[in-house]
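A.B. asks: Attaching a single structure in structure tokens format; questions to follow.
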Amino acid sequence: MDDVTEQQEPLHPLDEPPTQQVDQQEPTPEPVVERRGRGLGGNRHLGSVVLSFLGVLGAYGAVDYGFYRSLGPGLTVYQGGNLSDNAMIAGGVAAACLFVAAAAGRISALGPLLAGLVLGVGPCVWILLDRASYVDRANDIPEIWNHTSFGLVGASVVLYPAVAGMLIGTAMVGRWRRITT
């Protein structure tokens, strides 16, 4: 009966409650969550770079081919009239090639970024700094087929800045943007 009376005795407010023994278990470690990458590692970057460069070079070749088809007799500047079907098809091929180069940004933004800097900004800066040197080097490029080279002397003033802006813009808004929630 003494046990019963001890349990029923009220505790004084300043007394500490009786301590209870706690089983000390080691905390279970959190499972290691493996961060999954986007896959393919460096191959996707390399593939994007190759695809972008080939797309831009294909577009330059098609623009150069179409440019010479739009010239009048004696290779003078185009004065108006109807463009030939070959020139229009070359323009469509150039647009498709530039679309492929920009779409490579979905694989990796590195491809359009490098292609925009090397094949857009580089020649554009070269033309701004020393146009005579650019024209001399462009004229040294041999014709590949039927007045087609990658010289682009006539259309370069417009084409290089447009390609640079498009590809660098594609790279900046593409895969490197930070997703906020």
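A.B. asks: Please determine whether any residue of region 42-52 is open to solvent by 100 Å² or more (accessible area, probe 1.4 Å), modelled with pLDDT under 90 and over 21 Å from VAL157 (Cα atoms).
C.D. replies: Checked region 42-52: at least one residue is open to solvent by 100 Å² or more (accessible area, probe 1.4 Å), modelled with pLDDT under 90 and over 21 Å from VAL157 (Cα atoms).
A.B. asks: Answer yes if at least one residue in region 53-70 is modelled with pLDDT of 75 or more, more than 25 Å from GLY105 (Cβ to Cβ) and hydrophobic (A, V, I, L, M, F, W, C), and no otherwise.
C.D. replies: Yes, region 53-70 contains a residue that is modelled with pLDDT of 75 or more, more than 25 Å from GLY105 (Cβ to Cβ) and hydrophobic (A, V, I, L, M, F, W, C).
A.B. asks: Looking only at region 150-181, filter to residues that are small (Gly, Ala, Ser) and over 17 Å from the mean Cα position of the chain (by Cα); which one of those is modelled with the highest pLDDT?
C.D. replies: Only one residue fits best here, namely SER156.
A.B. asks: Quick one: in region 105-149, which of the residues that are in contact with a Phe, Trp or Tyr (Cβ under 7 Å, 6 or more places away or on another chain) and surrounded by fewer than 17 Cβ atoms within 10 Å (Cβ to Cβ) is modelled with the highest pLDDT?
C.D. replies: TRP126
The values are calculated or read from the model by the stated rules, or taken from the named source; none is laboratory data. Source: prediction; values computed, not measured. Backbone-built Cβ (ideal geometry, glycine too); neighbour counts: all protein chains shown. For the accessible areas, the whole protein counts, side chains as well, though only heavy atoms, and no ligand, DNA or RNA atoms are used. Shrake-Rupley method; radii C 1.70, N 1.55, O 1.52, S 1.80 Å.
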